[in-house]
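What follows is a short report on a single structure.
The values are calculated or read from the model by the stated rules, or taken from the named source; none is laboratory data. All of these numbers come straight from a predicted model, not from anything done at the bench. Because the Cβ atoms are built from the backbone with ideal geometry, glycine has one as well, and the counts that use them run over all protein chains shown.
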Amino acid sequence: MAGQRKAPLVHVSNEAVLRWLQRTGTFDVEQVRQMLASALDKAVQAGAAMGAEEFIVLSGGMVFVVRSGVVTTVTQDDGRHSHARLLARRAREAG
């Protein structure tokens, strides 16, 4: 049909998009990395103080997976962790 575009045959990975943004100066990856590290630092220190090697941090509607002090992935909070949020709220209210 006229005017319709064919879907491209190539798939562009998330890594490629991130590197393009970084290398073209469109996006400052290190600034974002520092912002996330600062925002998560207190929670990661608390997890480490409890001796946890692997844990999650729930913040801003996101789930941050931490392994050995490294944030390894981030996903949207889909509600599976609502029990953890309830426990955290109870702890804040009690203390």
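Take the conditions (1) assigned to a helix (DSSP H, G or I); (2) under 25 Å from Arg92 (Cα atoms); (3) among the aliphatic types (A, V, I, L, M); Ile56 misses just one of them, which is (1).
Quick one: would you say Val17 is among the β-branched types (Val, Ile, Thr) and out of contact with any Phe, Trp or Tyr (no Cβ under 6 Å at 6 or more places or on another chain)? Spelling it out, Val17 is indeed among the β-branched types (Val, Ile, Thr) and out of contact with any Phe, Trp or Tyr (no Cβ under 6 Å at 6 or more places or on another chain).
Being of a type in the set (D, E, K, R), touching a strand residue (DSSP E or B) at 6+ places or on another chain (Cβ under 7 Å) and at pLDDT below 90 is true for just one of Arg67, Arg85. Which residue is that? Even if it seems obvious, please write down each step before you answer.
Working: Arg67 fails: at pLDDT below 90.
After ruling out the rest, the residue left standing is Arg85.
Listed here are the residues, each with its yes/no results for (1) surrounded by 11 or more Cβ atoms within 10 Å (Cβ to Cβ); (2) in a helix (DSSP H, G or I).
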site: Leu9; (1), (2): no, no
site: Val12; (1), (2): no, no
site: Val17; (1), (2): yes, yes
site: Gln22; (1), (2): yes, yes
site: Gly25; (1), (2): no, no
site: Gln31; (1), (2): no, yes
site: Ala43; (1), (2): yes, yes
site: Ala46; (1), (2): yes, yes
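Going by what's in this entry, would Arg92 be described as loosely packed, with under 12 Cβ neighbours inside 10 Å, of a type in the set (D, E, K, R) and modelled with pLDDT under 95?
Details: loosely packed, with under 12 Cβ neighbours inside 10 Å: yes; of a type in the set (D, E, K, R): yes; modelled with pLDDT under 95: yes.
So Arg92 passes the test.
Have a look at Val44, Val71 and point out the one that is closer than 23 Å to Arg92 by Cα, among the aliphatic types (A, V, I, L, M) and in contact (Cβ under 8 Å) with a residue 24 or more places away in the chain. Reasoning before the result, please.
Values: Val71 fails: closer than 23 Å to Arg92 by Cα.
Exactly one residue qualifies, and that residue is Val44.
Candidates in region 68-89 are the residues that are under 16 Å from Arg33 (Cα atoms) and over 9 Å from the mean Cα position of the chain (by Cα); of these, the one that is surrounded by the fewest Cβ atoms within 10 Å (Cβ to Cβ) is Val70.
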